[in-house]
Amino acid sequence: MDAWVRATAAEAGLSDIASVEKLSGGYINAVFRVTTDSRGHGAAGSRRSAVLKISPPFIATNPAVPFSADRQAREELALRLMAPEGGSAEHSGLLASCTSGLPVRCPAVLVPGRDLDLPAEAAAWMSGSVSAAAPGVWPCARVLVMEDLGTGPALTALLEAWRDGPGAPSKRGPLPTAGEASVLLGALGAAVRRMHEASWGLLGAGRADQAGGEAAPPAAPELGARPAAGAGPAVGAVPPAATGPVPSAAVAASLRSALRNQDVQDLRRGLQYGRVAAAVRSRVAAPWGGAMADDLEGLGRSLAEEEGCCLVMGDLWPASVVLVPPSGAEGAAWEAGLIDWEFCHWGDVGQDVGHIVGHLLMWAHAHAVRAAEAGAGAGGPGAGAGPLGLEDAPAFALLVSFLEGWRDGASGGVGCPGGAGARRTTLRHAAAEILARSVGAFVGGYVYDGAGGGVVDEAVATAAALWAASRRDLDAPAAVGRASVPSGAVSALIAAMGE
């Protein structure tokens, strides 16, 4: 299929193709690094690379699950909104200041996306299996060419290295220190908060004409006026989020509509919230299991049916955070690249914050389990034998840095888009994500794949503690009835979030 990928890349606008490499980790799409030879176009002998993303009208690794390729059009729109100032495309750079002054980057769109007819053999190659029922051509696929942020590892690699310990063999290459990673996660939290607030203020209910005023404000409020606390970066005052004219009410409504990603919400409602609710009913003691399941199903329903309040990245987990090594120039530092925006949508901030909360809590659990196993080897109690030590895990420190960056990246007068319900959504979505990865549809190849029953029970208890905290009327240990419920960790992350 190499020739077909090369031909697709050429049709998408790349020329002088020297090599094509299929990148790992592509579950929803097929992703390739395409290296082009620039001889005759500049410095002799130099080569450049770009990322070619092919989005079929189904999940790339499972053609039996339909998933509209329109997701790529939304990814392209979000990346253009977040692009540095100066792009020629319409609305390009509208949210550029969300990353201004921070070591956070989003890949630039190099060639506009286009429709693609996908041969059945290419679909079978992507999925690793051949379906006899596959048609000759899958119409309505899409292809997009983006900036390559380099070969740096994903945040997952650093979390794996911490879990495996210094003596474990590794081919991950250079990794940031814990302190450097903490700065990056704080900066990422600030950038995500700015994006939530700026999109709410420019396109959503934060506009003066949406709030009952006569006209949209001339610019969004300054974001990030307070310094980040703890180990996070000093965010400082940043330029207004608007880098050009504030969109008219009609344009704002059009952009909100274009970002509305019903496919993602429907997919998650069934595969995530619905399935984990069934697992909860059998694993969490009555009456709490039924109440928790009802709340998670209700969350999936409301997210699928309600309008939302701001631009949400939609897939904020360690695999979407690329650790970009320093360039070698004097004063250069690590950067965080935020990739894979195909789940982006006009939605609820709690899905972004809850997603990263859930994943970093899972990795904190993995680190605590490994520490307990090491302690058992030295005569300690071992994993699953007592309260979880999540707060002592390095991943938990990253989680606190992210939440403090998100909290302190807020502007002085805007507040949290989504209001008081944002924390409830955050905690419940985090619970649903942990359940999906421990007893739901997405166990394979991740933290709890192959884990023992005691460890899985701890994961369920962690999810239940998050849910109980979202209710405010329940005491987490009493609700779940387990000594291992990490109520201290939940309290710490709520304090980091702020009100």
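With a cut-off of 12 Å on the backbone N, no residue of the stretch 443-469 is near the modelled label site 7 Å out from ARG172 along Cα-Cβ. Summing charges over neighbours of ALA489, with a neighbour being any other residue whose Cβ is under 13 Å away from its Cβ, gives -3 when K and R count +1 and D and E count -1. Computed extension gain for ASP449 through ALA89, at 0.36 nm per residue and net of the alpha carbon distance, reaches 125.3 nm.
Between ARG301 and ALA250, the contour length at 0.36 nm per residue exceeds the alpha carbon distance by 15.6 nm. Sorted ascending by nearby beta carbons within 10 Å, beginning with the fewest, MET82, MET146 become MET146, MET82. For the peptides 366-373, 189-196, the ranking by packing is 189-196, 366-373, with the highest mean count of neighbouring Cβ atoms within 10 Å listed first. On the basis of the beta-carbon distance and an R0 of 45 Å, ASP2 and GLU373 show a calculated FRET efficiency of 0.55.
All of the numbers you see were taken from the coordinates with simple rules; none came from a lab. Everything quoted here is computed from the prediction, not taken from an experiment. Ideal geometry is used to build each Cβ from the backbone, glycine not excepted, and the neighbour counts take in all protein chains shown.
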